[in-house]
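Chemist: Structure provided below as C-alpha cells; questions to follow.
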Amino acid sequence: MLFQLIQVPVAILAVLLLALLARQLGLGGDVRLRSEAQARDEAATALGGFDAVEVALDRAGIGALLRDAQGRVLLLRRHGAQFAARLIDSHADTRLDRNFLTIGTADTSFGKVTLDLGDKAQVWAASLRRLGA
C-alpha cells in the first residue's frame, strides 16, 4: 500500500523532469524561418557555398526560395525539427495559385511543398519558368 502511494508522485516527478530536459534541449519546438538572414544561413549550411542574393520567405515560416548570383534556385523546407534543401532544376512540378506556389523537385522523397509567398509568388513562378522543363 505504501509503495502505491509513493509510486504516483515519483512517476509524476519523472514525467516533469523529462519534460524539463526536453525543453532545455530544444526538442519538439516550433521550427520556423523567422528572417531572411536565417534562411540564408540554413541554405549555406545545407549547400556549402550557396550565397543567396534573393530570398522569398513563406509567410508561415515553413520554407523559402533562394536564388544565388549564378541563377541557381534552392528550395528550403521544414523537415521535422530541421530544414532540408534541394536545388530546383526544372519548373515542371511548379504550380501557381494566387499567392501560393507549389513546388516539387526531381527527388520524390523530398515531396512537394506549398509556400505562401504573397505578392512574390507570381514573380517567382515566372522566374522559375526560365529553368529547364
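We did not get these values from a lab; they are worked out from the coordinates using the rules stated. Predicted model only: the values in this text are computed from it and were never measured. So basically every Cβ, Gly included, is an ideal-geometry build from the backbone, and we count neighbours across all protein chains shown.
Chemist: What number, in percent, do you get for the relative contact order of the chain if the mean sequence gap of Cα pairs under 8 Å and at least 6 apart is divided by its residue count?
Modeler: On the way: 197 pairs, mean separation 21.9, N = 133.
In percent, rounded to a whole number, it is 16.
Chemist: Let me ask something else. By counting other Cβ atoms within 10 Å of each Cβ, how are 91, 79 ranked from fewest to most?
Modeler: Numbers: 91 18, 79 14.
By the 10 Å Cβ count, ascending, the order reads 79, 91.
Chemist: Could you please state, rounded to a whole Å, how far the C-alpha centre of the stretch 1-61 is from the C-alpha centre of the stretch 78-133?
Modeler: When both Cα centres are located, 25 Å separates them.
Chemist: Over 10 Å intervals from 0, what percent of Cα-Cα pairs in the chain sits in each interval?
Modeler: 12, 36, 24, 10, 9, 7, 3, 0
Chemist: Rank the residues 94, 102, 108 as a footprinting-exposure proxy: fewest other Cβ atoms within 10 Å of their Cβ go first. Let's see the in-between values first.
Modeler: Working: 94 17, 102 14, 108 9.
Fewest-to-most Cβ neighbours within 10 Å comes out as 108, 102, 94.
Chemist: Sticking with this one: Given +1 on the Cβ of Lys and Arg, -1 on the Cβ of Asp and Glu, and no further charges, what dipole in debye does the chain carry about its Cα centre, rounded to the nearest 20? Walk me through the numbers on the way to the answer.
Modeler: Numbers: 16 positive and 14 negative charges, 36 e Å.
Here the chain has a charge dipole of around 180 debye.
Chemist: Next question, about the same structure. Only counting other Cβ atoms within 10 Å, I'd like 30, 58, 93 sorted with the fewest neighbours first. Show your work: numbers first, answer last.
Modeler: Details: 30 7, 58 23, 93 14.
Result, fewest neighbours first: 30, 93, 58.
Chemist: Specify the angular offset, from 0 to 90 degrees and rounded to the nearest 10, of the alpha carbon long axis of helix 2-25 from the longest principal axis of the alpha carbons in the chain.
Modeler: 30 degrees
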